[in-house]
Every structure is written in structure tokens, then in C-alpha cells.
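*Asks:* Dropping the structure in here first, questions after.
The values are calculated or read from the model by the stated rules, or taken from the named source; none is laboratory data. Source: prediction; values computed, not measured. Virtual Cβ from ideal backbone geometry, glycine too; neighbours counted across all protein chains shown.
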Amino acid sequence: MLSPHVRHELRHAVPHGWTLHRRADPNAFVPLKFRLTQSNLENLDAYLLDIADPTSHNYGKHWTAEQVAATFRPSQDSVDTVHSWLVNGGGVDLQQIAIGSDGSISVNVTVSEAENLLAAEYYVYQNADSGRERIGCHNGYRLPEHVSKHVDVVWPTVHFNNHQRIRRAGSSSGSGSGGGWHRPGGAPKALADDDAMSTGPTNCDKGVTLDCLRALYNFDYQLVAPNKNTVAVVEIGSNVLLQSDLDLFFKQFDPQQVGHKPTLVSIAGGHLNASETNAENLGEATMDFQLVMGLLGRTQDVLLYQVGKDNSDPDPIDELLAALDGSYCSDPAIKQLGLADCGNKPRANVVSISYSTGVDFFDPTDITSSQLLQRQCAEIGKLSLQGMTFVASSGDTGVSFGSSEACIAKNGSEVTGNAPGTFLPQFPASCPYVTAVGATEVSAGNSVSDPETATTAFPSGGGFSNLFAQPSFQARRVNRYLKTSLPASYDASTFNASGRAYPDVSANGFPTVVAVDGNFTTSGGTSASAPIFASFVAAINDARIAAGKGPVGWINPALYSHLFATAFNDVKSGSNPGCGTEGFPAARGWDPVTGLGTPNFKSLLARFMSLP
């Protein structure tokens, strides 16, 4: 007996930039593709903890790509259930059905047949800018209840993959939570004066140099296995590295690296653009490499994952993940992008990402956004199973999102400009398989020997996810904070206390001395903090590889463990205001502003070296 149809996916509104043009021709053919539910995805956390918990006997035993693919491939039961329904319940001819090697099922049917299968109405949508047309379901689609649990996504239906346009947070192009990949840019920028350019770890409250960072975090390490180790920095679209600025920086702070270049890994047409003149696209990317290359030294090759030709690429994170894992390309919602790079780019042991999107908020009228982030986070988890470490910035606008300071009103609508509302987390920092990094600073008049504070020049991002559950290894430290330090006026409508809490750690984010467009400036942001911390993880991998051990991979369970309890410099002052509040206050131990604190590199190194 066939079960009743249930709502499977819904998009209540026409996607931004598109218009509902006309009903689709019922006799036109539409190639439906069913992405089946992955096997064992509910066990992803357990698999990861088995190799990342420092108390596990399997610590550090990372999986192969073949193991990952076999473990998460859809079950034969899922394939058989959907296939049987298509033939017996939907009347689809066997010759019209194809089963892919990844377990996905493709069906070539007419629009009329698709509407009957999915209890849906198909329309033609038109893009307002290009005039391009595409087909999709109006008001979502349904599947039989017994089939629905075996299917993740049916395409083409409600997925338009255009809600993540690239822009920098803090830039004039940033808006609210409606999507967009942002680069945190909340830190004020100014020309660096003589005090900021001081040599040695002095005047670090006025200008943070490489010497300041080494002194702050006890980072005195010489690489011993750089040819066996890999580290990468992600840049997106028109945000480009200027080699002339990199050389200017090294001429001042590390002369032996003048002329040293990162290795370009072009993804989806990404390329270096030496003729770029838009000020918004200059400086930030170069800052990443000034910090990573400056801290690690000339012997370490650094990969530049340049994703997309320009800022029109709608889904750069999908492009990145597909380039690192070819199986990701088989996803129907991803395959329709026509990706040129599928599993053909080199993987790095550590990947630093200083970009984010602000849609970590469940909207029951548009469930496609949350499913997209959950799919991307799961893919990051699978890559972490294979020994990769993902490090991401936590944002520069406190508990709100983007330059418009977006939050969510009680009626579910977006409000901006620091208006009261529910705190709005950001992704990928909120993904539990990412190590999120907040920003600190040396207070005015203080030295590197004094405790740092949360940044005051901009509010460092932090909070609790609305989509991802709080990992068990976080619970003890997070609950202590919630019981002892949370403002009394906050209730369940303010934030999701049971969500994944971030950041995990922090590092200095202001005022970072960088060379930008031929001048030295002070800048920063969590977009500086992330590559700084990523550099330390890369150095730890270097030491482990030299000792015959593997890279650390997913480090979050270890960081929160008792073994690492004294490996951080606790940050107890500051807050991250937003959404009409003072945000979260920093406190003893973990807090949603500075995480566990800033790293003491030698302590971190010693503890990771003690592990298998």
C-alpha cells in the first residue's frame, strides 16, 4: 500500500533576482534527479570523535577517501525503495531510470509526469538580470511518506543556488542575512605610523607585527618537515592577492621572503588579477598571506585556493568542497552548477577561511537554505575524517551579522541597524567541524606580557548555532558559562542555548600591520585571527609529521579536553554587542566572544605531540 504524500521541501517565496514567468509546458521533458539519503550520516559525529578525541584508542587514525565514500553511500534499501516507487507507484518506464555509481537516481520524464510524481506544480522562472530561464516547483513538492525518508533532495525543484552572492562583511555591498559570502571587514583601517611599525614586540597596542604575534603566543618554531606538510588559504572571487604588497611587507619584516609567492590553485576559474583597482578587493587577501607566510617562513609552501572568476559566483563554498572531493559533485543541487573542478585539486592539511554567510537560521517557509548549510557542514566533516583541519573567522559584528548588523525580529523577519532581535549566527564558523576563531587585542598602554581583551575596535563574532546541535565535548564548559556569566535578561528568544557554541579559540585581530596598495596600514579583524591560528596548527602538523605522526585533523574535541585545559591564555574582559544588546560578556574559561582563549603555542605543541 502506498503511503500518503508529505511535504519534502518548501520554498515559499520566489528567490531573490528571479520572477515567476509562466507555467511550464506539460509536454516538455525534465530530467529529475533524486539524491538519496546517505547511509550512516547520523554517525558522522561518532566516527569523528573516534579519531579526534584524545582519549580514544583510535586517535589520529584518519580514514581514506575510499572508506568515506563506502560508508556514506546510500543503502541498497534506499535505492530499491525509490526505484520501486517510481516504477510501481509512479508508472515510470524502466528505460527512463538510471542509477548512478553514487546511488543517485535519474529519471527522464515530462513536466506533467513530474508533477504527478511530486504532487507539485512546475513553473518557468526568469532571472531579472540575465533573462536566463529555469524550471522549478512553486510552493515546494511532496513525496510518499515511505519514500521521503530515503530522499534528501530532488532536483530540479526548489533549489536555485543563488542566495550566497559574495561580498565582504563590513563593506558597502553587505546587507543582511539574505545570503552572501562575506569577508569580515569590521576592523578600522588607518595608515600605520612610526609607533605601529616598531621593530620587536613593542607598541603592540598600536600596531601588531609578526614579532608581536610571536611574543604574544610563545611562537618560536622552526619548520623541520615543510616539504611533507601543506597549508592553504581560501580567497573568493575578486578578493585578490597583490604580490607587490606581499614583497613590500616582507622587505620590511622578513627580507629573505621577498619574491616568495604562494602556489595558486585555481578553482572554478579563480585567478590572480594584478590589475585589480577596486579598493574593497585589495588588502584583505594579501593580509592572509603576509600573516601565514610571515609566521611559517620561506621554507613552507602555502597554497592559494582562489575560488571563482569574480564576485558573481553564487556558491563558492560548494565550488571549494567539490574541488576537494569529487563525490560532492554528484549532489543534484551541486551538479546543476556545471562544476569544472571535481576532486581534482590538492588537499591541504590545514585550510584557513576568512569568509562567512549569515543564514544559520531556520526559516520554515524556506527550508532549502538550512539544508544547504547542513549539507556543506557534513562535507566538511567528511573531509575532516580524512585528516583535514578547517579554520574559520567568527565574524566582526558581534552577535549580529554583516555590515547591516542583521538580527531576526520576533515575527521572523530580518531587522538591521542594531535593532533588537534574535542573535544571528554565521556559517561556516557555526559548523561544529570547523575551528572558529575570534579576535582579541592588546589594550591601550599595555604590552604583550599583559592579558589581552576581546576587541573593542569592533565586536568579535560569537554565539550559538540555530542549525547545529551543541557537541557533547563542549557541554561542560558552555554550561558553566551559561550558569555563571549570562545576562539575566536573555531568554530562549535571544539565542539557542542548545546550539553549537562558537568561537572555539581566539587570536589577535587588531591593529594588524599590513601592506595594502603600496602603503602600510593598521587593519585586522577575525579575518586576521583565523590565518594566525591556522599557522600555528600548520606548525604543529610540521612537528608531528617530522616525528612520524599524522596531521591533527579535526582538533575541536582535543581543545576542549582536560589535556588542553592549560594550553590557552584566558581572556576575561570585553564583549561582543549587537541586536540591541551588549552581546555576550567575556568570562573566565570558555565564552562566546573569545572561546577558550588565545593559544600558548608551546603548550599546544607539547600536548599534540604527546598524542599518537
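*Asks:* Please state which one of 307, 350 is at pLDDT 95 or above and crowded, with 24+ Cβ neighbours inside 10 Å.
*Replies:* Values: 307 fails: at pLDDT 95 or above.
Every option except 350 fails the conditions.
*Asks:* Hey, which of the strands (runs of 3 or more DSSP E) in the range 458-515, taking only ones fully inside, have at least 1 residues that are modelled with pLDDT of 95 or more and closer than 30 Å to residue 192 by Cα?
*Replies:* By residue number, 505-510.
*Asks:* Still on this structure, please answer the following. Name every residue in the range 236-260 that is at pLDDT 95 or above and either in contact with a Phe, Trp or Tyr (Cβ under 9 Å, 6 or more places away or on another chain) or assigned to a strand (DSSP E or B) (or both), in order of residue number.
*Replies:* 246, 248, 249, 252, 256, 257, 258, 259, 260
*Asks:* What's the number of the condition residue 221 fails, among (1) in contact with a strand residue (DSSP E or B) (Cβ under 9 Å, 6 or more places away or on another chain); (2) at pLDDT 95 or above; (3) aromatic (Phe, Trp, Tyr)?
*Replies:* (1)
*Asks:* Could you check, for the range 228-235, whether at least one of its residues is more than 17 Å from residue 291 (Cα to Cα) and at pLDDT 95 or above?
*Replies:* yes
*Asks:* Quick check on my filter: what residues within the range 260-307 are in contact with an Asp or Glu (Cβ under 6 Å, 6 or more places away or on another chain) and farther than 14 Å from residue 233 by Cα?
*Replies:* Result: 268, 282.
*Asks:* Sticking with this structure for a sec: Applying the selection to the range 561-600, what residues are crowded, with 24+ Cβ neighbours inside 10 Å, farther than 20 Å from residue 444 by Cα and out of contact with any Leu (no Cβ under 7 Å at 6 or more places or on another chain)?
*Replies:* Listed by number, the residues that qualify are 578, 579, 583, 584, 591, 592, 595, 599.
*Asks:* Additional query: Residue check, residue 219 against (1) over 17 Å from residue 514 (Cβ atoms); (2) crowded, with 22+ Cβ neighbours inside 10 Å; (3) among the hydrophobic types (A, V, I, L, M, F, W, C), all met but one. Which one?
*Replies:* Against the list (1) over 17 Å from residue 514 (Cβ atoms); (2) crowded, with 22+ Cβ neighbours inside 10 Å; (3) among the hydrophobic types (A, V, I, L, M, F, W, C), residue 219 comes up short only on (2).
*Asks:* Which residue, of 437, 478, is closer than 30 Å to residue 200 by Cα and among the aliphatic types (A, V, I, L, M)? Walk me through how you get there before you give the answer.
*Replies:* Numbers: 478 fails: closer than 30 Å to residue 200 by Cα.
None of the others qualify; the one that does is 437.
*Asks:* Here's another thing I want to ask about it. Find all pairs meeting these conditions: Cβ atoms under 8 angstrom apart; at least six residues apart or on different chains; first residue within the range 203-216 and free of Cβ contacts under 8 Å to residues at least 60 places away in the same chain; second residue assigned to a loop (DSSP other than H, G, I, E, B) and buried (at least 20 other Cβ atoms within 10 Å of the Cβ).
*Replies:* 203/196
*Asks:* Of (1) surrounded by fewer than 18 Cβ atoms within 10 Å (Cβ to Cβ); (2) under 18 Å from residue 34 (Cβ atoms); (3) basic (Lys, Arg), residue 61 satisfies all except one. Which?
*Replies:* (2)
*Asks:* Hey, could you check the range 516-537 for residues that are touching a Pro at 6+ places or on another chain (Cβ under 9 Å) and part of a loop (DSSP other than H, G, I, E, B) and say which is nearest to residue 193 (Cα to Cα)?
*Replies:* Residue satisfying both the conditions and the ranking: 524.
*Asks:* For the range 409-437, which positions are farther than 19 Å from residue 582 by Cα and at pLDDT 90 or above?
*Replies:* Within the range 409-437, 427, 428, 429, 430, 431, 432, 433, 434, 435, 436, 437 qualify.
*Asks:* I would also like to ask the following. Do we find that residue 271 is assigned to a loop (DSSP other than H, G, I, E, B) and in contact with a strand residue (DSSP E or B) (Cβ under 8 Å, 6 or more places away or on another chain) in this structure?
*Replies:* Considered against the rule, which asks whether it is assigned to a loop (DSSP other than H, G, I, E, B) and in contact with a strand residue (DSSP E or B) (Cβ under 8 Å, 6 or more places away or on another chain), residue 271 comes out as yes.
*Asks:* Checking residue 384 against (1) on the phi < 0 side of the Ramachandran plot; (2) modelled with pLDDT under 90: exactly one of these is not met. Which one?
*Replies:* (2)
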